[in-house]
Amino acid sequence: AKSAGRNTVRFFNPEMQHKVEQRAKLETALSKALEQKEFLLYYQPQVNHHGELLGAEALLRWVPSDTGLMVSPAEFIPLAEDTGLIVPIGYWVIETACRQLHDWQQQSPDRLFNLAVNISARQFHQHDFVQRLQEIVHSTGVNPSSLKLELTETVVLDDIGYVIDRLHELRTIGIGTSMDDFGTGYSSLSYLKRLPMEQIKIDNSFVRDIAHSAHDSAIVRAIIAMGHSLGLQVVAEGVETEEQRAYLEKYQCDVYQGYLFDKPMPVKEFEKWLN
Ligand code: C2E
Ligand code: CA
Ligand code: CA
Ligand code: CA
């Protein structure tokens with residue numbers, strides 16, 4: 001490292017240097033991950049209060065070929081967002097999910113099954129997003145009414161009018177949308193009633209303490225009641241215990257997702273849910 005002169009402040013210590021280098025390495029690896037085919041999708045079931053399958057959420061996984069060790073999305077999604085790589089990666093996710101969904105729809109045309117896909121704000125705001133989505137729906141032959149896009153509250157921070165227009169276009173194609181991590185952002189109520197969406201997902205941070213915190217339990221109850229009064233379906237994520245499930249059922253939650261039912265898993269393993 002460069003030695004600091006007499007009156008200079010040494011703001012770049014070896015630990016920071018290491019972090020910066022690690023990040024640069026990760027970024028280089030991430031930029032090659034698509035062409036190296038290092039991504040895959042895991043699927044986690046979503047069920048009703050009887051535990052019957054309603055659908056699944058597709059969750060991205062990255063296994064760099066040099067290490068063979070899975071990197072958590074919590075680690076690489078923020079980096080992909082910063083670098084803009086999230087856009088091409090996001091299209092890979094949509095296309096892969098649609099091909100898989102089409103496969104399942106072919107196997108059992110009568111099965112009602114929704115596949116949820118996470119869409120980053122940056123991708124949603126690409127000017128040709130809806131058009132490219134439509135192309136993917138067309139080329140994969142998937143029934144779009146079984147597709148659900150999970151958006152976070154950051155999507156609507158910018159220009160709510162623009163977002164409302166796009167949501168109407170999606171609705172026209174038949175694609176539904178869900179407000180992910182609901183309750184973690186702000187001004188949720190004021191915009192929610194203006195957005196043409198079908199579903200909200202209560203963030204797992206509220207579900208976690210539902211059985212032990214009167215406060216969180218009241219919040220969850222209120223979110224569900226409010227969601228229903230706006231005509232929205234309500235999903236709870238991160239359901240881990242029977243106790244949490246029982247509270248959610250009491251509050252009339254519609255859809256349940258979490259380790260209590262099953263973890264996210266590769267296609268082959270997930271297909272046990274479809275038989
Ligand atoms: P998310 O959308 O809130 O997804 C739910 C996360 O909770 C997933 O983490 C899932 O594995 C985890 N989870 C499921 N059941 C439980 C449970 O019972 N308890 C707890 N504690 N956690 C549970 P994962 O797969 O690590 O993904 C983390 C985040 O990365 C996601 O949060 C999402 O924001 C983002 N992400 C994942 N896949 C994609 C993608 O394809 N595109 C984009 N843009 N973001 C993605
Ligand atoms: Ca999600
Ligand atoms: Ca979520
Ligand atoms: Ca969450």
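The values are calculated or read from the model by the stated rules, or taken from the named source; none is laboratory data. In this text, all values refer to a predicted model and were calculated from it rather than measured experimentally. Neighbour counts are summed over all protein chains in view; Cβ atoms, including those assigned to glycine, are modelled from backbone coordinates with ideal geometry. Heavy atoms of the whole protein, side chains included, go into the accessibility calculation; ligands, DNA and RNA do not. Shrake-Rupley method; radii C 1.70, N 1.55, O 1.52, S 1.80 Å.
At a threshold of 8 angstrom on Cα-Cα distance, excluding pairs fewer than six apart, so keeping six or more, what relative contact order does the chain reach in percent?
Numbers: 398 pairs, mean separation 48.8, N = 275.
Once divided by the residue count of the chain, the mean separation gives 18 percent.
Please report the antiparallel percentage of the DSSP beta bridges confined to the stretch 137-238, to the nearest 5. Of those bridges, close to 0 percent are antiparallel. In the context of the full set of protein chains, residues of the chain present 53 Å² of accessible surface per residue (probe radius 1.4 Å, heavy atoms only). Taking label points 7 Å from Cα along the Cα-to-Cβ direction, ILE173 and GLU52 give a separation of 3.0 nm. Counting only protein heavy atoms and a probe of 1.4 Å, the accessible surface of the chain is 51% carbon and sulfur.
Contour minus end-to-end for ILE164 and TRP92, with contour as 0.36 nm per residue of separation and end-to-end as the Cα-Cα distance?
Values: separation 72, 0.36 × 72 = 25.92 nm, distance 2.49 nm.
Extra length from ILE164 to TRP92 when fully extended: 23.4 nm.
Principal axis extents of the C-alpha atoms in the chain (largest first, rounded to whole Å): 69, 48, 40. Under the combined filter of DSSP loop state and at most 14 neighbouring Cβ atoms within 10 Å, the stretch 163-193 retains these chymotrypsin sites (Phe, Trp or Tyr not before Pro): TYR186. Note on the chain: with a GNM built from Cα contacts shorter than 10 Å, the maximum mean-square fluctuation among ASP180, ASP254, ASP128 falls on ASP128.
Which value, in debye to the nearest 20, describes the size of the charge dipole of the chain about its Cα centre when Lys and Arg Cβ atoms bear +1, Asp and Glu Cβ atoms bear -1, and nothing else is charged? Before the final figure, lay out the partial values.
Values: 26 positive and 37 negative charges, 115 e Å.
Rounded to the nearest 20 debye, it is 560 debye.
When DSSP assigns beta bridges and you keep just the ones with both residues in the chain, what percent turn out antiparallel, to the nearest 5?
Working: 12 of 33 bridges.
Here the share of antiparallel DSSP bridges comes out near 35 percent.
Taking GluC sites (Glu not before Pro) as candidate sites, keep only those in a DSSP loop with at most 11 other Cβ atoms within 10 Å, then name the longest stretch of the chain containing none of them. It runs 53-275. Subtract the Cα-Cα distance of LYS263 and HIS138 from 0.36 nm times their separation in residues, and report this length gain in nm to one decimal. Using 0.36 nm per residue and subtracting the Cα-Cα distance, I get 41.9 nm. Annotation note: trypsin sites (Lys or Arg not before Pro) in the stretch 27-73 located in DSSP loop regions with a Cβ neighbour count of at most 10 within 10 Å are LYS37. Helix 129-140 axis versus longest C-alpha principal axis of the chain: approximately 70°, rounded to the nearest ten.
With everything on Cα atoms, drop me the angle between helix 73-83 and the longest principal axis of the chain, reported from 0 to 90° to the nearest 10. Result, in degrees: 70. Cβ-Cβ distance of ASN13 and HIS127, R₀ of 41 Å, FRET efficiency by 1/(1 + (r/R0)^6): the value works out to about 0.45.
On full extension of the chain, what length is gained from SER213 through LYS32, given 0.36 nm per residue of separation minus the C-alpha to C-alpha distance? Stretched out fully, the SER213 to LYS32 stretch lengthens by 60.6 nm.
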